[in-house]
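The values are calculated or read from the model by the stated rules, or taken from the named source; none is laboratory data. It should be emphasised that the depicted structure is a prediction, and the values quoted were computed from it without experimental measurement. Note: ideal-geometry Cβ built from the backbone for every residue, glycine included; neighbour counts use all protein chains shown. These accessible areas exclude ligands, DNA and RNA; they are computed on the full protein's heavy atoms, side chains included. Shrake-Rupley method; radii C 1.70, N 1.55, O 1.52, S 1.80 Å.
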Amino acid sequence: MTRRTKAAILLAALLAVHSGVQAAPDGKEDREEKKREAPASDKGKLKISGYLQPQFQWGERDAALKVGTENENPTESFNRFGLRRGHLKFAYDYKTVAAVVQIDVSTEKGVILKDAYINVQEPWLRTFGIRAGVFNRPFGLEIELSSSVRETPERAYIFPMLFPDERDFGAMFTVQAPEDSPWRIVALQAGLFSGNGISRDNDSRKDFIGHLSFGDEFDDFSFRAGASYYRGGVRQGTGTVHTMTDGGFRTDTDPANKGRYAKREYIGFDACIHFESDWGTTTLRGEYLFGTQPGTQTSGKSPDSAALPASDTYIRPVRGGYVLLAHDIEDTPFSLVAKYDVYDPNTKVSGNALGTGETGVTDAMRTAFGFGATWHIMKGLKLTAYYDIVRNETSTALDGFASDLKDDMFTLRLQYKF
């Protein structure tokens, strides 16, 4: 080792000792830094919960089942086994802060993230809060209603079309007074979201969602009603934009259209009542929404990909909703349910006009009437049988839609919640 190398090592050692003495002679700064970085107190509450939904489904030849692959023989009915959902949720609460992480394991999508957010509640009035991360969009009732407690196997058809995955990345402000306040009957949720579901955010534009509701509870009766508003945009992938008119799509081609945003706007209304009688507990719930939906020629579904659009934009007026009636039979472990839901992806075309003016299968209305029963076998374990009668809009001008599709389906689901 040369004399120059020894001198350099000695100088480095002296500098290190000198720096340590100067920075924290008593270790106070180190202790303060560790204190700031320390995790929440172990006096908080960690809750682990979840549920599994193995199910059997049967469908007519054109049905789109929720488990398994498509029909291997398009001329006959078919059936599939699968795991519709397998949720595992971790929730940690400490004082006025909560953190939630939830994953979903299924045979259809593998393992995906469902929720990952922080919820902060102010401790003085216990009225205002902030939520940030990925969580349910605050629009209406059924989006935020967990499938573990929902009366039907699936949400109304319009929701997976306009709100795929139900969740989105964003930040939300909440207002609701505590239970001991007379103002608890009013609740407000409002936030900004990325607009493309649980996929990575891909642009600098954000969507607004707000939900204002009002409700109260009495001895044998409760109600809740609300209104929702969604205002956002979908990036236009080319310079060609098609806007729906009474006679079909009108085309506007301008290179400047590429990169602009087509308006995505929904207005929704919701209501729910529960009442008890000598025959049991009855629930009546419904939602209706309408608005403007940008899509493509072959799909009216909202964006749910990290990739930016690269195709022409088709702008359609849309509407839909559902009405549900459910009843828990008194002194029995059985519940009954009936539901009607409708989704019209293009309100400006119907009947034999479908297939003209550049319209097609994407613009056909879909309605469904479903009915079923649930057997609550024991705490956490239930078996649901549900049948959907599906009807699709027909048109002699649309290939394959001269008569109704054969897409009724039956679901038999066993659920265990823990």
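So is ARG285 crowded, with 20+ Cβ neighbours inside 10 Å, in contact with a Cys (Cβ under 8 Å, 6 or more places away or on another chain) and assigned to a strand (DSSP E or B) or not? Here the answer is yes, as ARG285 does meet what is asked. Set side by side, the residues SER19, SER41, SER77 differ, and just one is more than 23 Å from GLY380 (Cβ to Cβ), modelled with pLDDT under 95 and open to solvent by 40 Å² or more (accessible area, probe 1.4 Å), which is SER19. Restricting attention to region 365-407, the residues that are within 20 Å of LYS301 (Cβ to Cβ) and assigned to a strand (DSSP E or B) total 6. Flag not set for TYR314, criterion: open to solvent by 50 Å² or more (accessible area, probe 1.4 Å) and either within 21 Å of LYS206 (Cα to Cα) or hydroxyl-bearing (Ser, Thr, Tyr) (or both).
Residues considered: PHE418, PHE369. Of these, the only one that is open to solvent by 50 Å² or more (accessible area, probe 1.4 Å), touching a Phe, Trp or Tyr at 6+ places or on another chain (Cβ under 9 Å) and either modelled with pLDDT under 95 or closer than 25 Å to CYS272 by Cβ (or both) is PHE369.
Can you tell me which residue within region 319-345, out of those that are assigned to a strand (DSSP E or B) and among the charged types (D, E, K, R), is surrounded by the most Cβ atoms within 10 Å (Cβ to Cβ)?
Taking region 319-345 as the starting set, the residues that turn out to be assigned to a strand (DSSP E or B) are 319-329, 334-344.
Checking which are among the charged types (D, E, K, R) leaves us with 319, 328, 339, 341, 344.
Numbers: ARG319: 19, ASP328: 20, LYS339: 22, ASP341: 26, ASP344: 22.
Per the criteria, the residue is ASP341.
Residues are listed down the side, and each one gets a yes or a no for (1) at positive phi; (2) aliphatic (A, V, I, L, M); (3) modelled with pLDDT under 95:
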position	(1), (2), (3)
GLY197	yes, no, yes
PHE208	no, no, no
PHE214	no, no, no
ASP219	no, no, yes
PHE223	no, no, no
TYR229	no, no, no
GLY237	no, no, no
TYR261	no, no, no
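Determine, yes or no, whether ALA171 is surrounded by 15 or more Cβ atoms within 10 Å (Cβ to Cβ), in contact with a Ser or Thr (Cβ under 6 Å, 6 or more places away or on another chain) and of a type outside the set (S, T, N, Q). The answer is no for ALA171. Here the condition is being of a type outside the set (A, V, I, L, M), surrounded by 15 or more Cβ atoms within 10 Å (Cβ to Cβ) and without any contact (Cβ under 8 Å) to a residue 12 or more places away in the chain; of ARG184, ARG235, ARG250, it holds for ARG184 alone.
Inside region 352-364, can you point out the residues that are of a type in the set (S, T, N, Q), surrounded by fewer than 21 Cβ atoms within 10 Å (Cβ to Cβ) and assigned to a loop (DSSP other than H, G, I, E, B)? Before the answer, list the steps.
Restricting attention to region 352-364, the residues satisfying the condition of being of a type in the set (S, T, N, Q) are 352, 356, 359, 362.
Now drop any that are not surrounded by fewer than 21 Cβ atoms within 10 Å (Cβ to Cβ), which leaves 352, 356, 362.
Once the filter is applied, which keeps residues that are of a type in the set (S, T, N, Q), surrounded by fewer than 21 Cβ atoms within 10 Å (Cβ to Cβ) and assigned to a loop (DSSP other than H, G, I, E, B), region 352-364 yields only THR356.
Among the residues that make up region 56-66, is at least one of them modelled with pLDDT of 95 or more, part of a loop (DSSP other than H, G, I, E, B) and within 29 Å of LYS379 (Cβ to Cβ)? So far as region 56-66 goes, yes, one or more of its residues are modelled with pLDDT of 95 or more, part of a loop (DSSP other than H, G, I, E, B) and within 29 Å of LYS379 (Cβ to Cβ).
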